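In what follows, a single structure is set out as structure tokens and then discussed.
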Amino acid sequence: MASTLAHARYGKDKVRVLRVVRDGKTHHIVEYNVTALLEGNIDTSYTQADNSVVVATDSIKNITYYLAKTSPHILSPERFALHLGTHLVSKYAHIHKAFITIEQLRWTRIPIDAQGHLVDGAQGHPHSFFRDGDDKRFVKVELDASAGKDKIVADVSAGISDLLVLKTTESSFENFVRDEYTTLVEVDDRIFSTSVDLSYTFSRVSIPTPSDAKKLEFAVPEVQAGGVWDGDAVARRARAVTLEVFAGDNSASVQATLYKMAQRVVAENAHVDSVTYALPNKHYIPVDMRYIGVDNLSPASAEVFMPIAAPSGLISATITRQ
Ligand SMILES: O=c1[nH]c(=O)c2[nH]c(=O)[nH]c2[nH]1
């Protein structure tokens, strides 16, 4: 037969889990969409209908829920992904790699003061939450145990998607190439809106061998809260930097603003090796009202805009530590 199985990977997608952690009257929650995929000596399940090498995707789902119940790392998506992946490659002799993706949905405490009133900046209710944004935090972990179950290494990247922002001034776009195809006019003042996709890559970590495949604890000191790459702290800083630069930059272009954001993420996170941003330029076009004698086109008088769903620009770049 003139074909061969070049690559095989399988597992469970969209495992939805909400976990409550009760700390007295204060409750913590996380909501995750988990993808857990496996590679290893599984080729015969494709080529010879040999299911003896298949850990059912239903079992992979069950393991995800079991660890959501028992893992001490559940509140951190980076650590939970490392734990889940480590468990999978440790437990099954013929599984050499695990690919875990976790998307975390936002749940923020409702800011209620001691009198029960909604107050901006109040500490937050102990057990009531609201969705305060459509942006998601995500984590991607690749666990590789192919050098041996005692030599597991993990590549971890994480980031933010769908963080929608808009500013109404301090954005321009001038001095671009002008030729026979150019119709865009130069503007020194425009709306700038984008839906930020940001991902950053951490330096590789080694996972200490779990002494028993069922053992749930594993310690990766650099990954713990306060460690050299504490995923929660990096995610918080990356989101803050993105919003700060977006708001504060007098933008010459999406490209120039993106570069400033990425430089700061690298500068402020010692163990982030590289940062990639993908920024759609979500165009808002001032409506031409000259037909009725109204100026809505010059930057100072433009007040009514038409959001353009498509096409959009798409500006991306990766910035690495030197
Ligand atoms: O910030 C921008 N970068 C571009 O590359 C571009 N191209 C375009 O038409 N408008 C813009 N804006």
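Tabulated data
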{"item": "Computed lengthening from Thr4 to Asp232, 0.36 nm per intervening residue step minus Cα-Cα distance", "result": "77.8 nm"}
{"item": "Convex hull per residue volume in Å³, alpha carbons only, for region 83-197", "result": "215 Å³"}
{"item": "Among 91-97, 154-160, the order from most to least packed when residues are scored by Cβ within 10 Å on average", "result": "154-160, 91-97"}
{"item": "Inter-label distance for Glu180 and Lys260, nm, one decimal - labels placed 7 Å from Cα along Cα-to-Cβ", "result": "3.8 nm"}
{"item": "Sparse-neighbour loop sites [chymotrypsin sites (Phe, Trp or Tyr not before Pro); region 134-210; at most 13 other C-beta within 10 Å; DSSP]", "result": "Phe176, Tyr181"}
{"item": "Values of log10 I(q)/I(0), in the order q = 0.07, 0.13, 0.16 Å⁻¹, for the chain under a Debye, Cα-only, solvent-free model", "result": "-0.39, -1.04, -1.30"}
{"item": "Ratio Rg/Rh [Cα only; Rh per Kirkwood] for region 227-268", "result": "1.04"}
{"item": "Selection of GluC sites (Glu not before Pro), region 122-177, meeting DSSP coil and at most 12 other Cβ within 10 Å", "result": "Glu174"}
{"item": "P(r) weight above 16 Å for region 254-299, C-alpha pairs, percent", "result": "59 percent"}
{"item": "Rounded percent of accessible protein surface that carbon and sulfur make up, region 110-155, 1.4 Å probe", "result": "50 percent"}
{"item": "Region 52-131: relative contact order in percent, alpha carbon pairs under 8 Å with at least 6 residues between", "result": "18 percent"}
{"item": "Unit charges on C-beta of K, R, D, E only; dipole of region 256-300, Debye", "result": "20 debye"}
{"item": "Percent RCO, i.e. relative contact order, over region 1-151, from Cα pairs under 8 Å lying at least 6 residues apart", "result": "24 percent"}
{"item": "Largest-first principal axis extents of the Cα set of region 161-211 (Å)", "result": "67, 27, 15"}
{"item": "Mean separation of Cα contacts under 8 Å (6+ apart) over length of the chain, as relative contact order %", "result": "13 percent"}
{"item": "Inter-centroid distance (Cα atoms) of region 225-298 relative to region 21-73, Å", "result": "35 Å"}
{"item": "Percent of Cα-Cα distances greater than 19 Å, calculated over region 1-110", "result": "48 percent"}
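The values are calculated or read from the model by the stated rules, or taken from the named source; none is laboratory data. Because the structure is a prediction, the values reported are computed rather than measured. Quick reminder, even Gly has a Cβ in these numbers, built from the backbone with ideal geometry, and neighbours come from all protein chains shown. What goes into the accessible areas is simple: the full protein's heavy atoms, side chains included, and nothing from ligands, DNA or RNA. Shrake-Rupley method; radii C 1.70, N 1.55, O 1.52, S 1.80 Å.
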